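Before any comments, here is the structure.
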Amino acid sequence: MSQPRPSKKFKPVPFEYHQEIELTIHALSNLGQGIGRIDVDAEHQGWVVFVPSTLPGEKVLVRIYRNDKNCSQGDLVKILEPSPERVDPKCPLFGTCGGCQYQNLSYDKQLEWKTQQVQELLKHMVGIEFDVEPAHPSPQEWNYRSKLTPHFGRPRNGKIEEIGFLRPGTRQHLVDVENCPIAMQEINDALPQIRAEIRANAAKYKKNAQVLLRVTEGRVETNTRTPISESVGDLKFHFLAGDFFQNNPFILPAFTDYVARQASAGGAKFLVDAYSGSGLFALCLAKNFEQVAGVEVSETAVDFATKNAKLNGITNAKFLASSAEAIFADITFPGDETAVVIDPPRKGCNQEFLDQLFAFGPSKVVYVSCNPATQMRDLNHFLEAGYKLEEVQPFDLFPQTRHLECISVLSKGEAEPLQG
Ligand SMILES: C[S@@+](CC[C@H](N)C(=O)[O-])C[C@H]1O[C@@H](n2cnc3c(N)ncnc32)[C@H](O)[C@@H]1O
């Protein structure tokens with residue numbers, strides 16, 4: 001058998017290509033990989049090695065495939081001493097499919113690591129030691145996702161091959177996914193027929209594509225332009241199947257209740273919901289405020305938010321189609337009596353938005369984020385502008401994966417104790 005050869009770019013320091021080393025894993029990275037440190041030689045002491053599918057406390061045999069400037073990357077060859085927290089993954093594709101990173105870790109430990117990850121980001125990116133609240137668990141650990149978007153490549157020799165998700169660490173290699181244990185049962189029931197239809201219509205696809213499967217009222221919708229609905233507590237939301245809506249419905253009542261409790265704790269009379277989508281926070285929180293304004297860039301989402309207010313009999317909320325960067329131009333609420341909920345896309349807030357927000361000067365800010373790293377970057381600006389960090393509460397909207405939502409609560413001046 002011929003020996004595997006490195007690419008021309010391979011840098012053979014400090015390890016040779018496919019060198020096997022024993023390593024003890026001590027932490028998880030924010031990409032969900034195990035992190036180990038090893039003293040390689042006098043020049044490379046405490047050298048960091050990243051290894052997917054490994055857990056803290058485990059002793060493992062690793063095969064190195066890349067050396068970077070400050071660290072190396074390896075593949076797991078063998079677990080020499082497993083962690084007591086290791087569990088059997090539910091999905092036979094775990095480790096091959098890039099969708100989940102933590103199926104091999106008990107759920108309690110997943111939550112602990114997510115909490116610790118936020119704590120460490122606060123230390124390293126904001127420079128503060130802060131007691132993060134324990135991550136709020138999802139009531140459902142499996143079959144929770146109401147949306148799945150499997151990808152597929154354009155046909156080769158007239159045939160569509162894999163329909164699924166990227167392999168870990170690649171941008172083009174797909175793994176075929178027939179069933180996904182984190183997707184709702186409705187999605188898994190619909191998948192075989194949808195996959196068969198894609199393959200039967202292969203000639204239609206000239207480029208790489210993806211298919212949407214979105215659960216609504218016990219069925220699956222695939223047309224991104226079809227209006228669908230979802231209930232959160234006693235409110236009903238309509239939105240286009242392809243537009244943004246949080247995709248773990250089981251945790252949403254606790255998630256929105258937390259935001260409501262925090263936003264109203266300081267006694268603000270008015271609420272601004274920036275990046276408001278189809279009105280989730282604005283409408284769930286409206287009963288706690290005299291007036292509410294939502295701002296959102298997607299005109300269809302604003303139309304739905306306006307209709308959702310009417311549908312739920314809410315009369316004190318209005319929605320504006322505008323970029324959040326120009327959000328306060330049309331807001332007449334007094335800043336010191338206003339709470340602001342911010343829920344931006346993964347890239348976080350830009351400076352233009354933050355400058356405007358600080359000039360408006362809300363008494364309270366509840367910052368909801370699906371990307372704690374950009375949230376921590378932004379928190380530095382809040383602290384510089386005189387806001388105080390009151391509480392940081394991760395919510396696990398994405399069990400079995402490295403993802404989480406993180407809520408940071410900020411107030412202007414002195415923090416007031418929470419009621420109730
Ligand atoms: C993470 S989603 C949150 C939506 C809503 N808060 C929810 O939970 O359903 C972010 C939203 O920001 C909107 N968005 C993106 N860039 C924006 C911008 N510059 N100004 C206003 N809204 C923006 C997107 O259309 C999307 O609806």
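Values in this text are rule-based calculations from the coordinates and carry no lab data. Since the model is a prediction, treat every value here as computed from it, not as a measurement. All Cβ positions, glycine included, derive from the backbone under ideal geometry; neighbour counts span all protein chains shown.
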TODO: Let me have the relative contact order for the chain, percent, based on Cα pairs under 8 Å that are six or more residues apart.
DONE: 13 percent
- [ ] Using the number of other C-beta atoms within 10 angstrom as an exposure proxy, rank Trp113, Trp47 with the fewest first.
- [x] Trp47, Trp113
Open item on the list: How charged is the neighbourhood of Lys204? Take every other residue with its Cβ under 12 Å from the Cβ of Lys204, and add Lys/Arg as +1 and Asp/Glu as -1.
Closed with: +3
- [ ] Kindly state, to the nearest 0.05, the FRET efficiency for Ala196 paired with Ser229, given R0 = 35 Å and r defined as their beta-carbon distance.
- [x] 0.80
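For the pair Arg171 and Glu384, what calculated FRET efficiency results from E = 1/(1 + (r/R0)^6), where r is the Cβ-Cβ distance and R0 = 51 Å, to the nearest 0.05? Write out the running numbers ahead of the final one.
Working: r = 36 Å, r/R0 = 0.71.
Rounded to the nearest 0.05, the efficiency is 0.90.
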- [ ] Take the alpha carbon atoms of region 129-180, find their center, do the same for region 98-127, and report the distance between the two centers in whole angstrom.
- [x] 19 Å
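Pairs of lysines 8 or more apart, or on different chains, with alpha carbons under 20 Å: count those in region 82-239, would you?
On the way: Lys90/Lys109; Lys90/Lys147; Lys114/Lys123; Lys147/Lys236; Lys159/Lys204; Lys159/Lys206; Lys159/Lys207.
Value for region 82-239: 7.
If Lys and Arg each add +1 and Asp and Glu each add -1, what is the summed charge of the other residues whose beta carbon sits under 12 Å from the beta carbon of Gln45? Could you put the intermediate results ahead of the total?
Details: positive: Arg37; negative: Asp39, Asp41, Glu43.
Here the charged neighbours net out to -2.
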Task: Antiparallel %, DSSP beta bridges [both residues in the chain], to 5 - done: 70 percent
- [ ] Express in nm, to one decimal, how much length is gained between Lys11 and Lys318 on full extension, taking 0.36 nm for each residue of separation and deducting their alpha carbon distance.
- [x] 104.7 nm
Task: Lys pairs, region 1-86 - Cα-Cα below 18 angstrom, 8 or more residues apart or on other chains - done: 4
TODO: Hey, could you get me the Stokes-Einstein D for region 4-98, Kirkwood radius over alpha-carbon pairs, 4 °C and 1.567 mPa s, rounded to whole µm² s⁻¹?
DONE: 94 µm²/s
Task: Additional length obtainable on full extension of the chain from Lys69 to Gln185, 0.36 nm per residue less Cα span - done: 37.3 nm
Open item on the list: If I model a spin label as a point 7 Å beyond the Cα along the Cα-Cβ vector, how far apart are those points for His18 and Lys269 in nm?
Closed with: 7.4 nm
Task: Principal axis dimensions, region 147-228 - Cα atoms, whole angstrom, descending - done: 38, 29, 20
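Could you line up Asp108, Asp88 from fewest to most neighbouring Cβ atoms inside 10 Å?
On the way: Asp108 10, Asp88 7.
By the 10 Å Cβ count, ascending, the order reads Asp88, Asp108.
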Open item on the list: Can you give me the Rg/Rh ratio for the chain, using Cα atoms for both radii and the Kirkwood formula for Rh?
Closed with: 1.00
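Report D for region 13-166 in µm² per second (integer): Stokes-Einstein, Kirkwood Rh on Cα pairs, 20 °C, 1.002 mPa s. List each step's numbers first, then the result.
Numbers: Rh = 17.7 Å.
Approximately 121 µm²/s, per Stokes-Einstein.
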TODO: Stick to the Cα atoms of region 294-420, pair each with every other, and give me the Kirkwood hydrodynamic radius in Å at one decimal.
DONE: 15.8 Å
Task: At R0 = 25 Å, FRET efficiency that the Cβ-Cβ distance of Arg377 and Leu31 yields, to 0.05 - done: 0.90
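What is the extension gain from Val297 to Ala326, computed as 0.36 nm multiplied by their sequence separation minus the C-alpha to C-alpha distance, in nm to one decimal?
Details: separation 29, 0.36 × 29 = 10.44 nm, distance 1.02 nm.
Contour length minus Cα-Cα distance gives 9.4 nm.
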